[in-house]
Amino acid sequence: MPILTAGRRGRALAVGLAVAMGITLLAPVPAAAASARLLVWDFNACDQFGRGNAACDVTPTQRASAIARSITASPWSPNVVTLQEMCRSTFDMVVGSLPPGWVSHFHSTYTTTDPRCQSVDHTWGIAVLARSDVLDATSTHVLGVEVSGERRTLLCIDVRVTIPLRTCTTHLTATSQATAASQATTAARLVDGWVAADHTVVVGGDFNLDVRQCGNVEVGNGLRRWYHGRFGAGVTRCYRGSGAMSEVDRYRPGGDGVYDEDTYALAKLDYVFGDRRHVDPIEEGDATTSSVSDHDPLRGAMTAHAGHGGSRPPCDREACSPTTTWQDP
C-alpha cells in the first residue's frame, strides 16, 4: 500500500470528499491573452470603370480574386482588412471566397450607375474584415456629404482578434484638401474619445492627404490630430502632431529608415494607424504593388494590447519590430 505524506494525504482526502459529495474540481482557467500581434492590410480597390487606368478597368471577378488571394496569402495573411472604393458585389465575391473564421461589414457610401456594381442596390463604399469568430458591433459616423451625394464615413467594427479590438476605415474626399482635412479632424476626435475610454483602436484608410507634401497647410491641419509627435516627409518630419495615434510605417530610429512610402503614384494617401495607448509605437509597414488598382496595398504589423487603463507590458525593439518582407500576388 502506498504511503502518503501529510500533504499528499490532505489532498487525497479533499479529492475523496469532493467525489463523495458530487463536487467537480476545476483546474484554474488561464487568463485571456492581453496582447496580440496584428497584421493589417489596407487597400483602395479602385472599383470603378473608365478611370483611364488599365488596372482600375480589370473585371470585378479579377479584382475580387486578387484581393482574396492577398488576404489569404501565407505567411502574411492579415488579421484585419480595411477596403475603400469597392462595389458591394465585389465585396460579396471576396467574402464568399474566404475560408471560415472571418467576419465582415460593408457600408454603402454611394449608389452608382457603374455597370460593374452588380448587386441589387448598385452600391459602392467601404468595408472592414477581421479574422474573428464574432462581430460584436458595427458603427458608422458621417464625416461629410459630397455634392454628388456620396457620404464620407468612418466605419468601425468591434471584434475579438485574440484581444478586443475596434477597427475602422474611411475614405475622405478627393475634391478639396481643406474638406478632407476637416473630415480627418472630425474622425480623429471620435478616435481620441474611444482611446480615452480604453478601447484598442486600429484605423486604415484613404485620407486623400499627402503626408509627403511639406509646407501644405491642409495636410498639416488634417493629419495633426492623428500623429503623436513629429511627422511628414521622411526623416525631416516637417509637421508637429498632437494626436494619440502612430502610423505603422513611420520613420523608426535604428530601423530601415523607410517612411511615408508612396501609395498613389508619388503621393502617400493611404494610412494604417494604431493608438499609442494600446499599440506599441515601434511598428512596421510596407506599400506593395497591385495589378487591379491605381493605389498600392499597404501592409502593417504591430503589437496591440487589450484595453486595461493604458498600462502595458514592456516591449523590446526586437520583439516589437521584427524584420518583415511583405508579398502580394
Between Val142, Val81, Val120, Val94, which is more than 15 Å from Val159 (Cβ to Cβ) and open to solvent by less than 10 Å² (accessible area, probe 1.4 Å)?
Val94
For the stretch 290-302, pairs from a residue that is of a type in the set (D, E, K, R) to a residue that is in a strand (DSSP E or B), with Cβ under 6 Å and 6 or more apart or across chains, are Asp296/Ala287; Arg299/Trp41; Arg299/Asp286
Is it the case that some residue within the stretch 229-252 is in contact with a Cys (Cβ under 9 Å, 6 or more places away or on another chain), at pLDDT below 90, over 19 Å from Val161 (Cα atoms) and of a type in the set (Ser, Thr, Tyr)?
yes
Would a scan of the stretch 303-311 turn up a residue that is buried (at least 23 other Cβ atoms within 10 Å of the Cβ) and at pLDDT 55 or above?
yes
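The values are calculated or read from the model by the stated rules, or taken from the named source; none is laboratory data. On a predicted model such as this, the values are computed, not experimentally measured, just so you know. Ideal geometry is used to build each Cβ from the backbone, glycine not excepted, and the neighbour counts take in all protein chains shown. All accessible areas refer to the heavy atoms of the entire protein, side chains included, with ligands and DNA or RNA removed. Shrake-Rupley method; radii C 1.70, N 1.55, O 1.52, S 1.80 Å.
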